[in-house]
Amino acid sequence: MVWRTLARYIRSLEDSGELIRVADPVDVELEAGCFADRLVKRGGSAILFEQPRLPDGTISEIPLAMNLFGTRDRTNHALGVSRPEEIGERMVALMKPDIGGILKAPWTGIGLALEGMSMAPMKVRKGACQQVVIREPDVTRLPIPKTWPEDGGRYMTLPLVVTVDPDTGIHNMGMYRSQVFGPKEVGLHWQAHKHGADHADASSERMPVAICLGGPPEVMFSAISPLPDNLSEYEFAGLLGKRRLRITKCVTNDLLVPADCDVVIEGYMIPGETREEGPFGDHFGHYSLADQYPVMHIEA
């Protein structure tokens, strides 16, 4: 199964009884996270908050989905497999094809050729993510949760952070949590060994950054996968989704981002500029300590 958008995947969860809708207002600070945490721990459904309530008491125009991949079955459903090993088997078949078998029966190689072609990203002039462009953005209006009482603030916890190597032009998409500091500033929690940090270290002037939220599930899984340097996240997303990933150029810079993400936050970071980020209730079961991390300045 191919999910062109996150909305299609969420609808499929609802059709199979794997989604709870909450129509009443729910606070993005602590309350939404409490619901999701209880569901995760009992293997419960995904949950969609239709009226996430922001800290100032207003309702966000965008709903908040949580626990989308909280069980093995939902993870397999998102990736369109019955077992995760299928992905590795497809990659092995692609890297080490049965040349002898294909020569004897050439038609058996058609599927393999289609797999290979699906890895090439498809550049489009304008993406669905650009249907609405806000030039004076306020990221605090997004339904970004604060999950644990001692968290340093509200955090984007599934952000697809896009940067580019200033020397080679090769893009990287990593998942680095992003703390909301204010309307136009967020933190970029990338450790020193991550590609985002490498790109920042190689930049002598302000560096463009994009944070993508939502989009096809295979894009999110690609961003967290430990890929070899010669395989990009966009190529792997195409392999996972069995179709070429649509990408488009940002509105305010030249970064290429997945065209079917729900929200793209565009901006830049200044090498050497940091701000205290954290603490954060980490998935290891404890709070990671506050430390200095780069700041992203948001432009659109």
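The values are calculated or read from the model by the stated rules, or taken from the named source; none is laboratory data. On a predicted model such as this, the values are computed, not experimentally measured, just so you know. Note that each Cβ is placed from the backbone with ideal geometry, even for glycine, and that neighbours are counted across all protein chains shown. For the accessible areas, the whole protein counts, side chains as well, though only heavy atoms, and no ligand, DNA or RNA atoms are used. Shrake-Rupley method; radii C 1.70, N 1.55, O 1.52, S 1.80 Å.
Among the conditions (1) in a loop (DSSP other than H, G, I, E, B); (2) crowded, with 23+ Cβ neighbours inside 10 Å, residue 167 misses just one, which is (2).
Among the residues of the stretch 222-252, just one is touching a helix residue (DSSP H, G or I) at 6+ places or on another chain (Cβ under 7 Å), open to solvent by 20 Å² or more (accessible area, probe 1.4 Å) and part of a helix (DSSP H, G or I), namely 233.
Among the residues making up the stretch 268-278, those that are surrounded by 17 or more Cβ atoms within 10 Å (Cβ to Cβ) and under 19 Å from residue 154 (Cα atoms) are 277, 278. When 38, 8, 42 are checked against the criterion of being open to solvent by 70 Å² or more (accessible area, probe 1.4 Å), out of contact with any Cys (no Cβ under 6 Å at 6 or more places or on another chain) and over 27 Å from residue 149 (Cβ atoms), 8 stands alone in meeting it. Scan the stretch 11-35 for residues that are open to solvent by less than 60 Å² (accessible area, probe 1.4 Å), charged (D, E, K, R) and within 22 Å of the chain's Cα centre (by Cα) and the total you get is 0. Checked against (1) modelled with pLDDT under 95; (2) within 24 Å of residue 221 (Cβ to Cβ); (3) among the hydrophobic types (A, V, I, L, M, F, W, C), residue 105 passes all but a single condition, namely (2).
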